[in-house]
Amino acid sequence: MEEKHLERQLMMQNEMRERQMAMQIAWSREFLKYFGTFFGIAAISLTAGAIKRKKPAFIFPIVPLGFVLTYQFDLGYGTLLQRMKGEAENILETEKSKLQLPKGMITFESLEKARREQSKFFIDK
């Protein structure tokens, strides 16, 4: 009985995780539409300004904007999420010590102790 309950909880958590990831990808794709339009207008305007005023420095803002555009495209349509997943798996396998919580894992006793101390704080006031 408990095993089925735990299995349902795990399935629900995974479903929530998948929905959150889908929202992140959808947000990135939507952002890409607006930022892509902004980037196109900015690139044309800056290039025209650089040619008209004969100052190539006007073109330099295109470089960092291009990095943002590329990142968002990679996140929304590319392989960024797969590469991040691979790196996360590598960290879990080879760098486990970097994942430990300060003061170790939270226990029921530590939560109860913190709750009692907090309730004493509010009672004293």
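Quick note: the coordinates plus some simple rules give every number you see, no bench work behind them. A quick note: this is a predicted structure, and the numbers were derived from the prediction, not measured. Positions of Cβ are generated from backbone atoms using ideal geometry, with glycine treated the same way; all protein chains shown enter the neighbour counts.
Okay, helix-only estimate at 222 nm for the chain: each DSSP H run of n ≥ 4 adds -39500 (n - 2.57), divide by all residues, round to 500 deg cm²/dmol; what do you get? Can you show the working numbers first?
Working: 4 runs with 100 residues, N = 125.
So the calculated ellipticity at 222 nm is -28500 deg cm²/dmol.
Highest GNM mean-square fluctuation, the chain, Cα pairs closer than 10 Å: which of M11, M105, M21?
Of M11, M105, M21, the most mobile in the Gaussian network model is M105.
Can you run phi through the Karplus equation (6.51, -1.76, 1.60; θ = phi - 60°) for region 79-88 and list ³J(HN,Hα) in whole Hz, with x for Gly and Pro?
10, 4, 5, 5, 5, 5, 4, x, 5, 4
What is the sum of charges around R8, taking Lys and Arg as +1, Asp and Glu as -1, for the other residues whose C-beta is under 14 Å from the C-beta of R8? Present the calculation step by step, with values, prior to reporting the outcome.
On the way: positive: K4; negative: E2, E3, E7, E15.
Charge balance near R8 sits at -3.
How high is the relative contact order of the chain? Use alpha-carbon pairs under 8 Å, at least six apart in sequence, and give a whole percent. Write down the numbers at each step before the final one.
Values: 39 pairs, mean separation 27.6, N = 125.
Contact order relative to length: 22 percent.
Suppose every Lys and Arg Cβ carries +1 and every Asp and Glu Cβ carries -1, with no other charges. What dipole size does region 64-125 come out with about its Cα centre, to the nearest 20 debye?
Numbers: 10 positive and 9 negative charges, 71 e Å.
Once rounded to the nearest 20, the dipole reads 340 debye.
Test of understanding: in a Gaussian network model of the chain with alpha carbons linked when under 10 Å, which of F73, F108, F39 would top the mean-square fluctuation ranking?
F108
Hey, if you put +1 on the Cβ of every Lys and Arg and -1 on every Asp and Glu Cβ in the chain, which of L46, M1, Q72 ends up farthest toward the positive end of that dipole?
L46
Only loop residues by DSSP count here, and only those with at most 11 other Cβ atoms within 10 Å; note down the trypsin sites (Lys or Arg not before Pro) in region 25-81 that meet that. Before the final figure, lay out each step's value.
Values: sites: R29, K33, K52, R53, K54; in loops: K54.
In loop regions of region 25-81 (DSSP not H, G, I, E or B), the sparsely surrounded trypsin sites (Lys or Arg not before Pro) are K54.
With springs only between Cα atoms under 10 Å, which of G104, G78, G66 fluctuates most in a Gaussian network model of the chain?
Result: G104 has the largest fluctuation of those listed.
Spelling out what I want: for every residue of region 113-121, take phi, set θ = phi - 60°, compute 6.51 cos²θ - 1.76 cosθ + 1.60 (Karplus), and round to whole Hz; glycine and proline get x.
Coupling constants for region 113-121: 4, 5, 5, 5, 5, 5, 5, 4, 4 Hz.
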